[in-house]
Amino acid sequence: MDPGCDRITTEVIAHRFAAAADEMMATLVKTAYSPNIKERRDCSVAIFDTAGNLLALTAIAPIHLSSLLGLVENITRRYPLDRFRPGDGFLTNDPYVGGGSHLPDLTLASPVFSGGWPVAFVANIAHHSDVGGKVAGSESADCTSIFQEGLRIPPVKLLDEGELCADMLAFVLLNTRTPREREGDLRAQIATNAIGVRRVQECFARFGADTVHRGARALLDYAESRARAEIARLPDGTYENEEVLDNDGVADGIVRLRVKITIRADRIHFDFTGTDGQIAGARNMPLSATLSCVYYAVKAVTDPALPPNAGYFRAIGVTAPEGTVVNCRPPAAVGDRSATGNVLGDLLLGALADAAPDRVMAGCGPLHGLIFSGVDPRRNEYFVDYETYAGASGALSALDGKDAIRVHVSGAANLPIESVEQEFPLTVGRYELIADSGGPGRHRGGLATRRDVTIWAEQARLAGRGLRQSRGASGLFGGSSGCPGVFVLDPGENRETKLPGSFSELEVDAGTTVRVDTPSGAGFGDPWERDPERVRDDVAAGKVTAPAAEQSYGVALARGSVDASRTAALREARQDSNRGA
């Protein structure tokens, strides 16, 4: 810790930064216009020093870190610090030149002044439901170039000494299908940074610039030392794993992701050499997105309470060959990078399973995305509903997986049904957990969800994207795989049609129903070692059917109770069979 700043002052400064970030997040959610931000909370905020080191973060989704990494450096490369003025605000979204990781994530950064000089930056990221491109919603897995994905914005001034740059705002609004929402959300982002600037200035005024700078350095050093101490607890060695994408965004097919993790003393290194080259569709990842996945995995496995700042990044090394899925070159499409990121989460935790078996999850069911668009007949206005439906988490060594939850680097909430039906010409006819979908294990994987949605729009269009549709998530230590997901058009009718894992601009008639079954989580440990009473509870709760209890877990039930003698016989017969094999 920096000897020039005592521990108590450092802790107070840390809490001041964290409180400022939390207040920024509350402001963004409360003042946003679109359901995607005010209801789903698809947004995050951060505070940086002028060198671009992350000092505080309030994040809904770890993948949002990828739209913040490198942000300050990209801005100051175009605009030197001596050109900044109080009240300036810089807008960007481009993953190759701006500091974003896909185009719908518009990021706004503002310098904080103290003593007439920039001393910090505050920033917020908000996922806008449409920023142009070939597909309503600006996120389609079948895009083959970033030029198809929407408006690309390098770091540009949206605010000039507190004055809104009307020409820049008009330029952005002209390139979206939903300008009223975009303007409302951008103004919410402006208000959010104003709060952040005020709170950080108050901290500098209270303690003085020298003390705050020393405190910030101490915060980074503390996070680094704490991370190194936790990494040192892991056994030294090299740990490898392989995962696959079952669709590249354009067509079904196997795309291989590989990692070799080396732990030596208090340092950990991730090497993605051997991962397939960048792909045709939009499931490529810019390097910043891959880094956010790595930083998430280290935090999750070593110490979830690690301070969310750049200090602990120093203990982590990453090799990601350029031109691969995990470090793509322009103009590769990257809109659906979070889908790959969630499979990457399974890759990283699976690799660390032998090093820390009590801290990792079995494979998870990633979200499925569906975008509804068209003309709302109630308002005679074009709408875009950007939806992501939660999958489920894999089981842990001592816990069942979570049902209907976003996993790894994704995070935003499901849009409440009441909000869906009020905001858009949609009706939700079914929303339920899918029985028997969780991968069997000593601890069971989380259950997938099913949602049926009917669209009543004119000129209605659908765009969908999902992974794990041909093979489910992998179990750990004898646990079974999860179930795959699927898109179905007009379920239960004669014209029922299974849709591919990625599609866009699908024209449908008003009154068409689409079903989304998300993938489920995988199991952890041998399912035949699961406590029979827990299996009985699952059956009583409707999560597992009685036939599946017997077939997958070796648990027989009679009148709602465990049949102890028959269960013992089933499990003994299986042991005999295994010994014979």
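The values are calculated or read from the model by the stated rules, or taken from the named source; none is laboratory data. These figures come from a predicted structure and were not determined experimentally. Don't worry about glycine lacking a Cβ; one is built from the backbone with ideal geometry, like all the others, and counts go over all protein chains shown. Quick note on the areas: whole protein, heavy atoms, side chains included, nothing else; ligands and nucleic acids left out. Shrake-Rupley method; radii C 1.70, N 1.55, O 1.52, S 1.80 Å.
Entry remark, the stretch 530-581: residues being surrounded by fewer than 16 Cβ atoms within 10 Å (Cβ to Cβ), at pLDDT 95 or above, not aliphatic (A, V, I, L, M) and not in a helix (DSSP H, G or I) number 4 in total. Do we find a residue being touching a residue at least 60 places away in the same chain (Cβ under 8 Å), open to solvent by 20 Å² or more (accessible area, probe 1.4 Å) and under 21 Å from LEU54 (Cα atoms) anywhere in the stretch 276-285? No, there is no match, as no residue in the stretch 276-285 is touching a residue at least 60 places away in the same chain (Cβ under 8 Å), open to solvent by 20 Å² or more (accessible area, probe 1.4 Å) and under 21 Å from LEU54 (Cα atoms).
On the stretch given as the stretch 138-156, residues that are β-branched (Val, Ile, Thr), over 20 Å from SER502 (Cβ atoms) and assigned to a loop (DSSP other than H, G, I, E, B) total 1. Those strands (runs of 3 or more DSSP E) of the stretch 305-390 in which at least 3 residues are of a type in the set (Phe, Trp, Tyr) and closer than 30 Å to ILE417 by Cβ, considering only elements entirely within it, cover 381-389. Total residues in the stretch 467-511 satisfying the condition of being closer than 14 Å to ALA141 by Cα and of a type in the set (Gly, Ala, Ser): the figure is 3. Here SER481, SER520 are screened, and the one residue that is in contact (Cβ under 8 Å) with a residue 40 or more places away in the chain, open to solvent by 50 Å² or more (accessible area, probe 1.4 Å) and among the small types (Gly, Ala, Ser) is SER481.
Restricting ALA223, ALA310 to those that are in contact (Cβ under 8 Å) with a residue 60 or more places away in the chain, more than 22 Å from LEU467 (Cα to Cα), open to solvent by 10 Å² or more (accessible area, probe 1.4 Å) and touching a Phe, Trp or Tyr at 6+ places or on another chain (Cβ under 9 Å) reduces the list to ALA310. In the stretch 57-64, is there at least one residue being more than 30 Å from ALA300 (Cβ to Cβ) and free of Cβ contacts under 8 Å to residues at least 60 places away in the same chain? No: zero hits.
Looking at the structure I just gave you, is SER397 farther than 26 Å from SER140 by Cβ, open to solvent by 10 Å² or more (accessible area, probe 1.4 Å) and in contact (Cβ under 8 Å) with a residue 24 or more places away in the chain? Here the answer is yes, as SER397 does meet what is asked. What about THR497, is it within 33 Å of the chain's Cα centre (by Cα) and open to solvent by 20 Å² or more (accessible area, probe 1.4 Å)? Yes, satisfied.
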